[in-house]
Amino acid sequence: MTSSQTEVLLPVENRTANGHGPEGLPVDQMLTKYCGEFGSWQLKHFVLTSLAWVLEAFHTMVMIFADQEPGWTCETGSGCVWDADKSVCELEPGSWRWDGGEGMSTVAEWGLVCDQKYKVGLVQALFFCGCMLGAGIFGHLSDSKLGRKGSLTLVCILNSIFGLLTSISSNYWTYALLRLLTGFSAGSTGLCAFVLATEPVGPNKRGIVGMSTFYFYSIGLALLSGIAYTFQSWRSLYIASSIPSIFFVFFILPFISESPRWYLIRGKVDQAMQTMHKIAKSNGNHIPENVYITLDEETNNNIGLTEDFGIKEIVTGSLIDVIKSPLTRKRLFLVAGINFTSSIAYYGLNLNAVNLKTSVYLSVLLNAISEMPAYLLTAILIDRFGRKPLGFGTEWFSGIFCVIGGCLGSQGFWKTLRMVCGVLGIVGMAGTYNLLHIYAMELFPTVVRNAALGCATQMGQFGAILAPFVVVMGGGLPFMVFGACGIVGGILILYLPETLNKPLYDTMNGMEDGENESDVLVS
């Protein structure tokens, strides 16, 4: 439900010192007309904030290396015969040993093979369970009391604490609990960073800037493969992948600003205007004294141009408001469904690197590199073709290549060709998965944006929970499942409205008024 709390601003006469009447503008129009849509201020803010995606890649994908099954070697004189296709489950106990020792991975240290293999999928699923819980909680906190920057600060602190504690886990179940807790915080890192990085960007630059945030995730994934190659003990790997979060909190976050849109919906209009003035000044522009910031619903209804424009209210919303509105309810269910299918495919394809029987370090590095062209291509095409056609195309591109990969063998040339299909599947799904962030952001107003995205992300994490269990099936079946998810996700996208060249709304009423006005103009 919507609630309000008033804050008294400066008198009207102090805001019109230049003799002109007051001009109330929503954020998008002020950025376009006076501040600059993407100048030096936004570039610096974008780069610093998006570094959080590197941290999410570390905390999420570290499991690929920490939970891998190492190679094995026969003990001298044991009568054991090494065979690359043979499982250790077929060998006599004591006749073989793990390459690199038991400290190489959790699988080697705790014997997570044979009838205990399910525990590998279980701990990975628990991580995504934590992500699902955290996405809803931090999504709400980001829209309400903590704000975008406050939520990002908290999740980064928790990431570093839980990650370091994971490195000293004494047994499997302690390890599983700490991975659950890490997921609780890590799963919201990218969401908070994405919204914070893109909200101060003007409407004509938001698409390409939003898509560009995900380069940082791929960079993080590529760096992680190098870190894992250097720190091959799973315990040292968790330490090395957690320390960057500490540096981010102390040396990066102090230079990041809170979103002016969040200030606005929380009634902190002075702080919002201070941020807008900083943006304008840094970009070499100037906001006239008679110009002030308003909510979109105030502009639509001319509320901001009355003598009471100095009184602002805190506008709040919740997931209940999203579900109550027919306009946003349909969008939420569709975005949640698309996130669910896309997450199964995206995380599954990355985790499936262990089934390709090639170097896991090389496979992860290739996956990370292959995502980058997808980001570049979608960034170039997003404002040319729109969100809906591009999303459908990338979903089906991934789905078709995954289906082809599922039909191929796993030996010799066919093994290489299957790996190529997996890489192409990731190319398409990476484009889709990240397009969804900018698409979903534009489908909901500021007052409920993180709550709605958090709910959709929860469904995505539920899909990610299932991904490890699909991967452990092995063979071509995982590829077929990922292919089906891509095709179904593409069909769901067709039912969403296009958001290209539409404003980023602030409130539920502002969105409904704006959409109704658009419908009238079209008809």
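Helix 360-385 and the long axis of the chain differ in direction by around 30°, with both axes built from C-alpha atoms. Which entry in (i) 137; (ii) 192; (iii) 170 matches volume of the Cα convex hull per residue in Å³ derived from the coordinates of this structure? So the calculated entry is the one marked (i).
Tell me, how many Å apart are the Cα centres for the stretch 83-134 and for the stretch 368-426? When both Cα centres are located, 29 Å separates them. Per residue, the accessible area of the stretch 143-257 comes to 34 Å², computed with a 1.4 Å probe over protein heavy atoms only.
Near Cys192, once Lys and Arg are set to +1 and Asp and Glu to -1 for all other residues with Cβ below 9 Å from its Cβ, the sum equals +2. The spread of Cα positions in the stretch 61-169, taken along each principal axis and listed from longest to shortest, comes to 66, 21, 19 Å.
Volume of the convex hull of the stretch 157-269 (Cα atoms only), normalised per residue: 120 Å³. The H on the amide N of Val291, modeled in the peptide plane, is under 5 Å from the matching H of Glu23, each at least 5 residues off or on a different chain. Entry comment: accessible area of the stretch 359-422 is 46 Å² per residue, from protein heavy atoms only and a probe of 1.4 Å.
Using Cα pairs under 8 angstrom and six or more residues apart, how large is the relative contact order of the stretch 144-190, in percent? After rounding, I find 49 percent. Kindly report, to the nearest 10 Å², the accessible surface of Met104 as traced by a 1.4 Å probe over protein heavy atoms only. Counting only protein heavy atoms, Met104 exposes about 40 Å² to solvent. Model label points for Asn516 and Lys330, set 7 angstrom from Cα along the Cα-to-Cβ axis, are 1.6 nm apart. Calculate the FRET efficiency for Tyr118 and Tyr495 from the Cβ-Cβ distance with a Förster distance of 25 Å, rounded to the nearest 0.05. Given R0 = 25 Å and the Cβ-Cβ separation, E is 0.10. Computed from phi, the 3J(HN,Hα) profile of the stretch 486-498 under the Karplus parametrisation 6.51, -1.76, 1.60 (θ = phi - 60°) reads x, 5, 5, x, x, 5, 5, 4, 4, 8, 8, x, 6 Hz, with x in place of Gly and Pro. Between the residues Ala374, Thr416, Phe194, the greatest Cα displacement towards the positive end of the dipole of the chain, with unit charges on the Cβ of Lys, Arg, Asp and Glu, is found for Thr416. Shown for the chain: cysteine residues without a partner Cβ closer than 4.7 Å, namely Cys35, Cys129, Cys131, Cys156, Cys192, Cys402, Cys407, Cys421, Cys455, Cys485.
Legend: residues His286, His45, His140, sorted from most to least accessible area (1.4 Å probe; ligands, DNA and RNA excluded), read His286, His140, His45. Estimated at the nearest 10 Å², the accessible area of Tyr263 is 50 Å² with a 1.4 Å probe. Exposed loop positions in the chain were taken to be GluC sites (Glu not before Pro) whose DSSP state is not H, G, I, E or B and which have at most 15 other beta-carbon atoms within 10 angstrom. Between these positions, the longest stretch is 76-288.
Applying a DSSP loop filter and a limit of 16 other Cβ atoms within 10 Å to the chymotrypsin sites (Phe, Trp or Tyr not before Pro) in the stretch 357-390 leaves nothing. Using 26 Å as the Cα-Cα cut-off, could you pick out the over-long pairs in Lys278/Lys324; Lys149/Lys388; Lys268/Lys388; Lys145/Lys324; Lys44/Lys205? From the list (Lys278/Lys324; Lys149/Lys388; Lys268/Lys388; Lys145/Lys324; Lys44/Lys205), the Cα-Cα distance tops 26 Å for Lys278/Lys324; Lys149/Lys388; Lys268/Lys388.
Projecting the Cα atoms of Ile239, Leu25, Ala336 onto the dipole axis of the chain, where Lys and Arg carry +1 and Asp and Glu carry -1 at the beta carbon, places Ile239 farthest toward the positive end.
For Lys205, the accessible area of its heavy atoms, probed at 1.4 Å with every protein chain present, is near 100 square angstrom. Projected onto planes of every orientation and averaged, the convex hull of the alpha-carbon atoms in the stretch 457-510 covers 5.5 nm².
Of the solvent-accessible surface of the chain, computed with a 1.4 Å probe over protein heavy atoms with every protein chain present, carbon and sulfur atoms account for 65 percent. Each Cα pair under 8 Å and six or more residues apart adds its sequence gap; the mean of these over the residue count of the chain is a relative contact order of 25 percent. Using θ = phi - 60° in the Karplus curve 6.51 cos²θ - 1.76 cosθ + 1.60, the 3J(HN,Hα) couplings for the stretch 458-473 round to 4, 5, x, 5, 5, x, 5, 4, 6, 4, x, 6, 5, 5, 5, 5 Hz; x is entered for Gly and Pro. Dipole magnitude for the chain: computed about the Cα centre from +1 point charges on Lys and Arg Cβ and -1 point charges on Asp and Glu Cβ, it is near 640 debye. Of the residues Thr174, Leu122, Asn159, the one whose Cα sits farthest towards the positive end of the charge dipole of the stretch 89-181 is Asn159 (charges of +1 on Lys and Arg Cβ, -1 on Asp and Glu Cβ, taken about the Cα centre).
Here the 3J(HN,Hα) profile of the stretch 288-294, calculated from phi with Karplus coefficients 6.51, -1.76 and 1.60 at θ = phi - 60°, is x, 5, 8, 9, 9, 8, 9 Hz, Gly and Pro shown as x. Ordered from largest to smallest accessible area (heavy atoms of protein chains, 1.4 Å probe), the residues Trp72, Trp234 come out as Trp72, Trp234. Full extension of the segment from Gln274 to Glu90, taken as 0.36 nm per residue of separation minus the current Cα-Cα distance, would add 59.4 nm.
The amide H of Trp72, built 1.01 Å from its N in the peptide plane, has Asp99 as neighbours under 5 Å, considering only residues 5 or more places off or on other chains.
The values are calculated or read from the model by the stated rules, or taken from the named source; none is laboratory data. Predicted model only: the values in this text are computed from it and were never measured. Glycine also receives a Cβ, built like all others from the backbone with ideal geometry; neighbour counts cover every protein chain displayed. Surface areas here come from the heavy atoms of the whole protein model, side chains and all, with no ligands, DNA or RNA. Shrake-Rupley method; radii C 1.70, N 1.55, O 1.52, S 1.80 Å.
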